[in-house]
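Read the structure below first, then the notes.
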Amino acid sequence: SQQGEEDPQALSIQEGENATMNCSYKTSINNLQWYRQNSGRGLVHLILIRSNEREKHSGRLRVTLDTSKKSSSLLITASRAADTASYFCATDAWPNYGQNFVFGPGTRLSVLP
Amino acid sequence: NAGVTQTPKFQVLKTGQSMTLQCAQDMNHEYMSWYRQDPGMGLRLIHYSVGAGITDQGEVPNGYNVSRSTTEDFPLRLLSAAPSQTSVYFCASSLKGRTEAFFGQGTRLTVV
């Protein structure tokens, strides 16, 4: 299985601080994505990084990918209370490109006002 | 644009009962999938479809059936519910060649 594993399982920070969560996976991938899940809701896509990319930015989000270590990190800068959610990494690989996403167990982020 | 719609949102079943979880998308996406989410385990793929008439098994298919007669709909059937199927079920869809998945709001199923 190429299941991703997020680290830490839970993270609690103050508003305005940066939050970093990590994801490790087991096999070669095509893409790695990060999703956010607010309590009781579905997952929302945040950002995708391809296997030939090393870093990507989107607003307050920065994602890095190290394929040699099979790991990725998601950095949320200047966190807000509204960032409180669970964050999941998801990978897909040939021949299931774009079809079967393998999700990690997630990181629960709490941003305290 | 409704996106991915799942019904019902909540359901309680008795052991041995059958039911169908509905999923519909209005984005003309080729790919549709069903996941279950259990505490501490992330999402696990049950079944998926790459187009109308084509389905395949995921990681945890036992006890579930699917069919895809139209592009829009991808129902998930529980044949004989068991307490181990208590979970939150998510339907997702995506465009062929694009990996961003769109998720429904989930169905919380309890089997007693």
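Solvent-accessible area assigned to carbon and sulfur over chain A amounts to 46 percent, based on a 1.4 Å probe. Ranked by the mean number of other Cβ atoms within 10 Å of their residues, highest first, the peptides A:53-64, B:69-80, B:27-38 fall in the order B:27-38, B:69-80, A:53-64. Taken over the range B:5-63, the ratio of Cα radius of gyration to 2.2 N^0.38 Å equals 1.25.
The tail of the calculated P(r) for the range A:36-84 beyond 15 Å holds 52 percent of all Cα-Cα pairs. Treating r as the C-beta distance of B:Lys9 and A:Ser24 and R0 as 25 Å, the FRET efficiency rounds to 0.15. The mean number of Cβ atoms from other chains found within 10 Å of a Cβ in peptide A:44-55 is 1, as a whole number. Mind grabbing the base-10 log of I(q)/I(0) for chain A at q = 0.12 Å⁻¹? Debye formula, identical points on the C-alpha positions, no solvent, two decimal places. Here log10 of I(q) over I(0) equals -0.37. With a 1.4 angstrom probe, the accessible area lost at the B-A interface totals about 1700 Å². Considering the protein assembly as shown at the alpha-carbon level, its Rg and Dmax are found to be 17.4, 51 Å. Were the residues from A:Ser68 through A:Arg80 laid out at 0.36 nm apart, the gain over their Cα-Cα distance would be 1.1 nm. Converting the Cα gyration tensor eigenvalues of the range B:29-112 into ellipsoid dimensions via √(5λ) gives semi-axes, longest first, of 22, 15, 10 Å.
Computed FRET efficiency, Cβ-Cβ of A:Asn38 and A:Glu15, R0 22 Å: what is it to the nearest 0.05? Computed FRET efficiency for A:Asn38 and A:Glu15: 0.85. Take the Cα of B:Ser67, step 7 Å toward its Cβ, do the same at B:Leu79, and the gap between the two points is 1.5 nm.
The values are calculated or read from the model by the stated rules, or taken from the named source; none is laboratory data. Computed from a predicted model, the values in this text were never measured in an experiment. Neighbour counts are summed over all protein chains in view; Cβ atoms, including those assigned to glycine, are modelled from backbone coordinates with ideal geometry. Protein only, heavy atoms only, side chains kept; ligands, DNA and RNA dropped before computing areas. Shrake-Rupley method; radii C 1.70, N 1.55, O 1.52, S 1.80 Å.
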